[in-house]
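Novice: My structure is below; once you've seen it, I'll send some questions.
The values are calculated or read from the model by the stated rules, or taken from the named source; none is laboratory data. If you're wondering where the values come from, they're calculated on a predicted model, not measured in any experiment. Here the Cβ positions follow ideal geometry from the backbone for every residue, glycine too, while neighbour counts run over all protein chains shown. In case anyone asks, the SASA skips ligands and DNA or RNA and just uses the protein heavy atoms, side chains included. Shrake-Rupley method; radii C 1.70, N 1.55, O 1.52, S 1.80 Å.
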Amino acid sequence: MITKSSDEKSQKCIFCMIRKEEIHSQILYKDSDVFAIYDINPRAPIHILVIPLKHVVFSNLKEKILLDILGKLSLSARKIAEKFDIKSEGYRLVINQGNNAGQTVEHLHMHLIGGKKLAPEG
Ligand code: 5GP
Ligand code: ZN
C-alpha cells in the first residue's frame, strides 16, 4: 500500500497553507508550538481554532506526543479565552474526531467557542 508522507499531506492542508501564509488569515495567537485563527464559519460570537504548527493527526499521534500537544493546545486556548475576556463567563473547547463528529480538516485543531450561552452538546 502506498501511503502519502506527512509532508505531501501538509502541502494540501488548509491549516498548513495558512501557517505558511499561502492563504491569508489573521493570526490571533502564536507561540513555538501553536497558532490560532478565527473560524471562517463561526458558530458563535467567538469561534477560534487553536492549531499545532506541525501537521499532526489526532488518531495517529503517539501517546506521549498526544499528551504533550493536547496540553499545549489547552494552555493556549485558556490564554486566548483570557485575552478575549470570556474566562469568567465560560466557553467550550472541542475536538471533532471523524465522520460522526463532523470533522472536516484532518490537521489536529481545537475549537474555542464562546461569547454566548451555548446549547448542550450532543
Ligand atoms: P472540523 O470540522 O474539522 O472540526 O473543523 C474545521 C473548521 O475549519 C471548520 O469549523 C471550518 O469552518 C474551518 N475552516 C475551514 N476552512 C477554513 C479556512 O480556510 N480558514 C479558516 N479560518 N477556517 C476554516
Ligand atoms: Zn496541516
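Novice: Looking only at segment 104-119, which residues are open to solvent by 10 Å² or more (accessible area, probe 1.4 Å), farther than 14 Å from ALA44 by Cβ and not hydrophobic (A, V, I, L, M, F, W, C)?
Specialist: THR104, GLU106, HIS109
Novice: Can you name the condition, by its number, that LEU73 falls short on among (1) touching a Pro at 6+ places or on another chain (Cβ under 8 Å); (2) assigned to a strand (DSSP E or B)?
Specialist: That leaves (2) as the condition not met.
Novice: I would also like to ask the following. Within segment 57-67, is there a residue that is under 21 Å from ARG19 (Cα atoms) and of a type in the set (Phe, Trp, Tyr)?
Specialist: yes
Novice: Also: Please go through segment 65-100 and pick out each residue that is polar (S, T, N, Q) and surrounded by 11 or more Cβ atoms within 10 Å (Cβ to Cβ).
Specialist: The answer is SER74, SER76, ASN96, GLN97.
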